[in-house]
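The values are calculated or read from the model by the stated rules, or taken from the named source; none is laboratory data. Computed from a prediction, not measured in an experiment: that's the story for all the values here. Just so you know, the surface numbers come from the protein's heavy atoms only, side chains and all, with ligands and any DNA or RNA stripped out. Shrake-Rupley method; radii C 1.70, N 1.55, O 1.52, S 1.80 Å.
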Amino acid sequence: MEDKIKAIEARVQEFVIDTRDKLEHFRLQFISKKGEVSLLFDELKALSAEQKKLVGKALNELKKFSEEKFKLSQEQLESNTAATTFTGDLTLPVIPGKTGGQHPLSLTRYRIIEIFERLGFNVEDGPEIEDDWHNFTALNFPENHPAREMQDTFFIEKNPDVLLRTHTSNVQIRLMKNRKPPFRAIMPGRVYRNEAISARAHCFFHQVEGLYVDTNVGFADLKQTLYHFAKEMFGKETKIRLRPSFFPFTEPSAEIDISCLICHGKGCNVCKYSGWVEIAGSGMVHPNVLRNCGIDPEVFTGFAFGMGIERITMLRYSINDLRLFSENDLRFLKQFKPVM
Ligand code: PHE
């Protein structure tokens, strides 16, 4: 008898109830008056008092188990049909639920992508954990040169060096190495630098870099592209200014400033009373960088630029503390446009 109980239990367990017919089938087979479990109770009567005690317990458990399975499956089937046979008024407005919002950095990133997409730039992506070659060497940073210290780096391994990328220029290198020019691409992504956290600096932030390589790309193209970007991003009356600068991977290099959106040039504490705010680094791609990626600098030229998404977002929404972006404070995040 114990073997029988075990065998029936196994079949109860395996029985799949996914339709109303199968539910009824299960009921008849096991728990109805003539069902297998009920019939075992009849057999129990013939046993001695001693055995009854022992087998009875196992049998009661089987009965309970089968009935529970029946009940649960019945409930499940009912709730499924309720969901698929809704007969209410379908024209009623939906009950408003809580939708999340897009993070301000995402809103800015999408806007930047939108502006450059219309100029024919596509979006490229690359790894955040990078080797020294793609982050520094290919970009014309000489070994042991102080320029490497301009970007205080988090190393994961030394010799050979593995690190958290300090800029998204690694994606430029990967793009130029793996494909043939012409290129017109932007590379948004997260970057890391070992900086003390304050209102103006963080150990990670987001960049968008851009690269345009073709025959006959000149400095005027760089200037006009970034002027167009500034006007689209910050408004038609925005002006730009280029200041000479240095990056190992561009020559000549320029820092791009925009006219201050807050005081319109009169002087305020956002622009530190200069009337100008820096938004990007840029320059003509250094011939060594092109050569490192197998591109002939006698045939192709290009420009590159890089900007911080946090910086653009702070200017766009008048945000004065970088830490707000990563603290997840809903009072801050709720002020931005929700997802539609
Ligand atoms: N990679 C530079 C940085 O992170 C930005 C930059 C990109 C400057 C391209 C010039 C050209 O500081």
Which value, in nm² and rounded to one decimal, describes the direction-averaged projected area of the C-alpha convex hull of the chain? 31.0 nm²
Could you tell me which of rounded, prolate or oblate describes region 4-47, using a ≥ b ≥ c as the square roots of the eigenvalues of the alpha-carbon gyration tensor, with rounded for a/c under 1.5 and, failing that, prolate when a/b is larger than b/c and oblate otherwise? oblate
Enumerate the calculated ³J(HN,Hα) couplings along region 280-295 in order (Karplus 6.51 cos²θ - 1.76 cosθ + 1.60, θ = phi - 60°), each rounded to whole Hz, writing x wherever the residue is Gly or Pro. 7, x, 7, x, 8, 4, 5, x, 4, 5, 4, 4, 4, 9, x, 10
Would you mind checking which residues have amide H under 5 Å from S245's amide H? H placed 1.01 Å from N; only 5 or more apart, or other chain. S253, A254, E255
Tally up the carbon and sulfur contribution to the accessible surface of region 2-85 as a whole percent, 1.4 Å probe, everything protein left in place. 54 percent
When only Cα pairs under 8 Å and 6 or more residues apart are kept, what is the percent relative contact order across the chain? 15 percent
Residue-normalised accessible area of region 104-333, given per residue in Å² at a 1.4 Å probe: 49 Å²
What number, in nm² with one decimal, is the all-direction average of the projected area of the convex hull of the alpha-carbon atoms of region 264-340? 9.3 nm²
HN-Hα J in Hz across region 244-253 - Karplus 6.51, -1.76, 1.60, θ = phi - 60°, x for Gly and Pro: x, 8, 9, 9, x, 9, 9, 7, x, 10
Carbon and sulfur together cover what percent of the accessible area of region 214-304 at a 1.4 Å probe radius? 52 percent
